[in-house]
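Visitor: The structure under discussion is supplied below as structure tokens; questions concerning it will follow.
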Amino acid sequence: MPNNLKSPNDAAAQDEPILKVEGLVKRFGDTTVIKELSFEVQPGQVVVLVGPSGTGKSTFLRCVNGLEDIQGGKIIFEGEEVKARHSNITAIRRRIGMIFQNFNLYPHLTAVENVTLAPVKVLKESPESAKERAMELFRKVRLEHRATAYPGEMSGGEQQRVAIARALAMNPALMMFDEPTSALDPETVGDVLAVMEELAAEGRTMLVVTHEMAFADHVGDRMLFMDGGYVVEDGPPSELLNNPKNDRTRQFVNSVLKPEAAMKGTADSSEVPPNIAAR
Amino acid sequence: MILIEYGGALLRGLGITLWVSCLALILAAVVGALIGIARTSKFMSLRVAATAYTEFFRSLPTLVMLFFVFYGLTAAFNINLSPFVAATIALGLEGSALMSEVVRGGLQSVGKGQKEAALSSGMPVWQVELYVVWPQAIRVMLPPAVGVYVSTLKGSALASSIGFVELMQTGLLVRERVQNDYDGFTVLIAVAVIYTIVNYAISQAGAHIERKSNYAQ
Amino acid sequence: MYDFYLPDVYPYLHKLPAALWVTIEISILATLLSSIMGVFLAIMRRSDSKVLRGVSTTYVEVIRNMPLVVLLYLIFLGLPAFGIVFSGYVSGLIALTLNSAAFMTEIFRAGLIAVPSGQFEAAQSQGMSRVTVYRYVILPQVLRTSYAPYGNQVIGVVMGSSIMMIATIEEVTAWMYNTGAVTYRYFEVFVVAGIVYLIVCQMANVARIMIGKALFKSAAAGGKW
Ligand SMILES: Nc1ncnc2c1ncn2[C@@H]1O[C@H](COP(=O)(O)OP(=O)(O)OP(=O)(O)O)[C@@H](O)[C@H]1O
Ligand SMILES: [Mg+2]
């Protein structure tokens, strides 16, 4: 299916949104995690998703990838409706790259094998060309020297960069990041963020859940603040960070940006580690 | 119906099966504990000997053990062992190899720190073992020990081949007695069902103990 | 004191290789067949269908708790009542396979459970089909965790193969019994048979370690993979 591959720039040429969420509802049993979610992501946009723990940010990303059933509304990716149990789901997943908090590298494969597995098995690329492309990607994430290492031999930051290379190898139209740096040692966070920044600069469409406010401010085109199952505020990151309109946004931003505020702040925002604002 | 006529006999067979596996388990526990302790000993020679014991008996089919004890020991020492005694010894030796693994695993599960803490509080070694190590180890040993019992109980069905009349052999004898092939089949099925239910119940009890001890920790 | 006299057994030693071959052959066959069954039953256990899960669970619980020899008698002596007659060899093979499959299922199931759900999700998120996910991502990991218990089960099959004797097949245990019965040298034949079983099991152990080293690279060193 190589003709299925579009470079991010081709996608940018189209005018319609790459991702459209209409009235999304997600329930686990009796608890409704996402009550109503509607927004669009335009090609080339970097959308940062923030919000207190447990508001359903991860759940939302999983819905977009068809890893969860949804109970209401629609998710439309590149004009196609995403349904967890529909036969087109694997085709949609190929076009969406997903980066997990715990990397989820395949432990039995080397870094380069991790990257080439899906291109070879799913896109039917030849092993040689897949490997060649993988090496290019490793240069991009600055890991050429670690290509033959196993995940167990790598630091968290290295593993996460391999995971990014693995996602890129599928040439996705949309990259989703679920707190890609929260499981990392502080000194390796910067390497991963630098790679992500480069991807944004290339014009890739990205949906990023993160608590790294400096990164969000610097790289994000747009920030969505989620709380209680809704998008409470949506706008440019600098706007939300410096001039929040909503009380809850203000509380959250304060708690993240000003650790001392979090100390005396509300209970629900205290779950955010206070040290992240420092960067 | 055939099962009403012979049900009593089968249940008596079950009783004997349970009894012989209980005795074998006791033998297995005693011997297995000694071997298991030896396997955690600080003396190399003891460890090697104990490991060899375990490996040896684990590499012998139950049937071989039964024949050996019933025919071999009888011939070698010129003694007369009843099928019952022979089955107990054979199953007990077989189980002792399994038990030694259980005991070793249990003892090793107790962290070094526990022992050192107890020793540093001035307890003599025997008290450390008795009051600190074993109480913790036994909790860990209990669930797999139930597994050894189930395995012994299943192995006891083979004692039918040295003529020991337990559940399996009772079933075979009843089957000989009944004329009808279908009745014969029914009897075999009944035997299978009895074994399965009893072992299932014991296994479940073991799983229950395991869950409880997991919560307790 | 008993006087140990091996020469009485010598005339019967020539039958031992054939008997040993039966033990090995049936063990290999039963291991292969039960491994295949075990893989399917373990995957069934994870299926979305309640029925498939129920079938697999029931199978494992029933077979696991039934003595192997009882299963053999059911097949060898019981089934002929319905006109279903298998030779002794086939009866023994079926019994061993059905029995071992229950244990294999448990081993593979434990291996499957040990694979973090993130592995399924990462692979799915790359658009791999279910078959591809299992084949290239999940099964290699299951293989690694299941490897040691699998080796034990293979030895369990060798041990279990001694019941073939009950189905009138001449394997090592039957050789021991029959030779003992004609020579009255029960102790000696036990020593011989015991050594044979010991060698078979130790060879299986060595094979397990060597294959494991080849499969998992530095597995023995507890390293990368
Ligand atoms: N499989 C599930 N079954 C039941 N409840 C779930 C499940 N997955 C998530 N939840 C619940 O849904 C809510 C949202 O979870 P989610 O992981 O999406 O939050 P989040 O916004 O990503 O939080 P965090 O910042 O901590 O990652 C939580 O209350 C969680 O307990
Ligand atoms: Mg999350």
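The values are calculated or read from the model by the stated rules, or taken from the named source; none is laboratory data. The model shown is predicted, which means the values in this text are computed figures rather than measured ones. So basically every Cβ, Gly included, is an ideal-geometry build from the backbone, and we count neighbours across all protein chains shown. The area values use the complete protein model at the heavy-atom level, side chains included, leaving out ligands, DNA and RNA. Shrake-Rupley method; radii C 1.70, N 1.55, O 1.52, S 1.80 Å.
Visitor: Is it the case that segment A:60-71 has a residue that's away from chain C (no Cβ under 13 Å), buried (at least 18 other Cβ atoms within 10 Å of the Cβ) and under 17 Å from the mean Cα position of the chain (by Cα)? Spell out how you get there, then give the answer.
Guide: Filtering segment A:60-71 for residues away from chain C (no Cβ under 13 Å) gives A:60, A:70-71.
Now drop any that are not buried (at least 18 other Cβ atoms within 10 Å of the Cβ), which leaves A:60, A:70.
Among the residues that remain, those that are also under 17 Å from the mean Cα position of the chain (by Cα) are: A:60.
Taking every residue of segment A:60-71 in turn, at least one turns out to be away from chain C (no Cβ under 13 Å), buried (at least 18 other Cβ atoms within 10 Å of the Cβ) and under 17 Å from the mean Cα position of the chain (by Cα).
Visitor: Taking B:Ala159, is it more than 24 Å from B:Ala87 (Cα to Cα) and open to solvent by less than 40 Å² (accessible area, probe 1.4 Å)?
Guide: For B:Ala159, the condition - more than 24 Å from B:Ala87 (Cα to Cα) and open to solvent by less than 40 Å² (accessible area, probe 1.4 Å) - is not met.
Visitor: Any idea which residue in segment B:36-61 is farthest from the other protein chains (Cβ to nearest Cβ), counting only those that are open to solvent by less than 30 Å² (accessible area, probe 1.4 Å) and in contact (Cβ under 8 Å) with a residue 12 or more places away in the chain?
Guide: At the first step, the residues of segment B:36-61 found to be open to solvent by less than 30 Å² (accessible area, probe 1.4 Å) are B:36, B:38, B:41, B:50, B:54, B:57, B:59-61.
Next cut, in contact (Cβ under 8 Å) with a residue 12 or more places away in the chain only: B:36, B:38, B:50, B:54, B:57, B:60.
Numbers: B:Gly36: 18, B:Ala38: 20, B:Ala50: 16, B:Thr54: 12, B:Phe57: 10, B:Leu60: 6 Å.
This residue is B:Ala38.
Visitor: Could I ask something else about it? Looking at C:Ser125, C:Ser161 in this structure, which one is hydroxyl-bearing (Ser, Thr, Tyr), more than 14 Å from chain A (Cβ to nearest Cβ), open to solvent by less than 20 Å² (accessible area, probe 1.4 Å) and within 30 Å of C:Gly111 (Cα to Cα)?
Guide: So the residue among C:Ser125, C:Ser161 that is hydroxyl-bearing (Ser, Thr, Tyr), more than 14 Å from chain A (Cβ to nearest Cβ), open to solvent by less than 20 Å² (accessible area, probe 1.4 Å) and within 30 Å of C:Gly111 (Cα to Cα) is C:Ser161.
Visitor: So C:Ile94 fits all but one of (1) open to solvent by less than 60 Å² (accessible area, probe 1.4 Å); (2) at pLDDT 95 or above; (3) farther than 28 Å from B:Leu153 by Cα; what number is the exception?
Guide: Here C:Ile94 meets the rest and fails (3).
Visitor: Related question: Mind checking which residues of segment C:131-146 are out of contact with any helix residue (DSSP H, G or I) (no Cβ under 6 Å at 6 or more places or on another chain) and more than 9 Å from chain A (Cβ to nearest Cβ)?
Guide: Of everything in segment C:131-146, those that are out of contact with any helix residue (DSSP H, G or I) (no Cβ under 6 Å at 6 or more places or on another chain) and more than 9 Å from chain A (Cβ to nearest Cβ) turn out to be C:Val131, C:Tyr134, C:Ile138, C:Leu139.
Visitor: Report whether or not B:Ser59 is farther than 29 Å from C:Leu96 by Cβ and of a type in the set (Gly, Ala, Ser).
Guide: no
Visitor: If only one of B:Val128, B:Val150 is away from chain C (no Cβ under 13 Å), farther than 19 Å from B:Ile2 by Cβ and buried (at least 18 other Cβ atoms within 10 Å of the Cβ), which one is it?
Guide: Working: B:Val150 fails: away from chain C (no Cβ under 13 Å).
Residue meeting the stated conditions: B:Val128.
Visitor: Still on this model: Look through A:Ala134, A:Ala201 and report the one residue that is in contact with a Ser or Thr (Cβ under 9 Å, 6 or more places away or on another chain), hydrophobic (A, V, I, L, M, F, W, C) and away from ligand 2 (no atom under 16 Å from the Cβ).
Guide: A:Ala134
Visitor: Here's something else I'd like to know. How many of the residues in segment A:94-131 are within 11 Å of another protein chain (Cβ to nearest Cβ), of a type in the set (S, T, N, Q) and either farther than 27 Å from C:Arg144 by Cα or within 16 Å of ligand 2 (Cβ to nearest atom) (or both)?
Guide: 3
Visitor: Right, another one. From (1) in a helix (DSSP H, G or I); (2) in contact with a helix residue (DSSP H, G or I) (Cβ under 9 Å, 6 or more places away or on another chain), pick out the condition that doesn't hold for B:Ile197.
Guide: Here B:Ile197 meets the rest and fails (2).
Visitor: Please tell me if A:Gly56 is crowded, with 18+ Cβ neighbours inside 10 Å, touching a Gly at 6+ places or on another chain (Cβ under 7 Å) and touching a residue at least 40 places away in the same chain (Cβ under 8 Å). Give the steps one after another, and end with the answer.
Guide: Numbers: crowded, with 18+ Cβ neighbours inside 10 Å: yes; touching a Gly at 6+ places or on another chain (Cβ under 7 Å): yes; touching a residue at least 40 places away in the same chain (Cβ under 8 Å): yes.
So A:Gly56 passes the test.
Visitor: Looking at this structure, is A:Lys20 basic (Lys, Arg) and either at pLDDT below 90 or open to solvent by less than 60 Å² (accessible area, probe 1.4 Å) (or both)? Please lay out each step first, then the result.
Guide: Values: basic (Lys, Arg): yes; either at pLDDT below 90 or open to solvent by less than 60 Å² (accessible area, probe 1.4 Å) (or both): no.
It is false that A:Lys20 is basic (Lys, Arg) and either at pLDDT below 90 or open to solvent by less than 60 Å² (accessible area, probe 1.4 Å) (or both).
Visitor: Can you tell me which residue among C:Ala30, C:Ala42 is at pLDDT below 95 and either open to solvent by 80 Å² or more (accessible area, probe 1.4 Å) or among the aliphatic types (A, V, I, L, M) (or both)?
Guide: Result: C:Ala42 is the single residue among C:Ala30, C:Ala42 that is at pLDDT below 95 and either open to solvent by 80 Å² or more (accessible area, probe 1.4 Å) or among the aliphatic types (A, V, I, L, M) (or both).
Visitor: Assess whether A:Asp178 counts as being open to solvent by 10 Å² or more (accessible area, probe 1.4 Å) and within 16 Å of ligand 1 (Cβ to nearest atom).
Guide: On the way: open to solvent by 10 Å² or more (accessible area, probe 1.4 Å): yes; within 16 Å of ligand 1 (Cβ to nearest atom): yes.
Here the answer is yes, as A:Asp178 does meet what is asked.
Visitor: With respect to A:Ala91, determine if the residue is within 14 Å of chain C (Cβ to nearest Cβ) and open to solvent by 30 Å² or more (accessible area, probe 1.4 Å).
Guide: Yes: the conditions hold for A:Ala91.
Visitor: Among the residues of segment B:79-95, is there at least one that is without any contact (Cβ under 8 Å) to a residue 24 or more places away in the chain, assigned to a helix (DSSP H, G or I) and open to solvent by 50 Å² or more (accessible area, probe 1.4 Å)?
Guide: The answer is yes; a qualifying residue exists.
Visitor: Looking at segment A:138-159, which of its residues are modelled with pLDDT under 95, open to solvent by less than 20 Å² (accessible area, probe 1.4 Å) and not β-branched (Val, Ile, Thr)?
Guide: A:Leu143, A:Ala147, A:Ala149, A:Tyr150, A:Pro151, A:Met154, A:Gly157
Visitor: Return the only residue of A:Phe177, A:Phe225, A:Phe215 being more than 16 Å from ligand 2 (Cβ to nearest atom) and either at pLDDT 95 or above or touching a helix residue (DSSP H, G or I) at 6+ places or on another chain (Cβ under 8 Å) (or both).
Guide: Step by step, each of A:Phe177, A:Phe225, A:Phe215 is checked, and only A:Phe215 is more than 16 Å from ligand 2 (Cβ to nearest atom) and either at pLDDT 95 or above or touching a helix residue (DSSP H, G or I) at 6+ places or on another chain (Cβ under 8 Å) (or both).
Visitor: Can you tell me which of C:Ala219, C:Ala214 is more than 22 Å from C:Gly160 (Cβ to Cβ), touching a helix residue (DSSP H, G or I) at 6+ places or on another chain (Cβ under 7 Å), at pLDDT below 90 and surrounded by fewer than 19 Cβ atoms within 10 Å (Cβ to Cβ)?
Guide: C:Ala219
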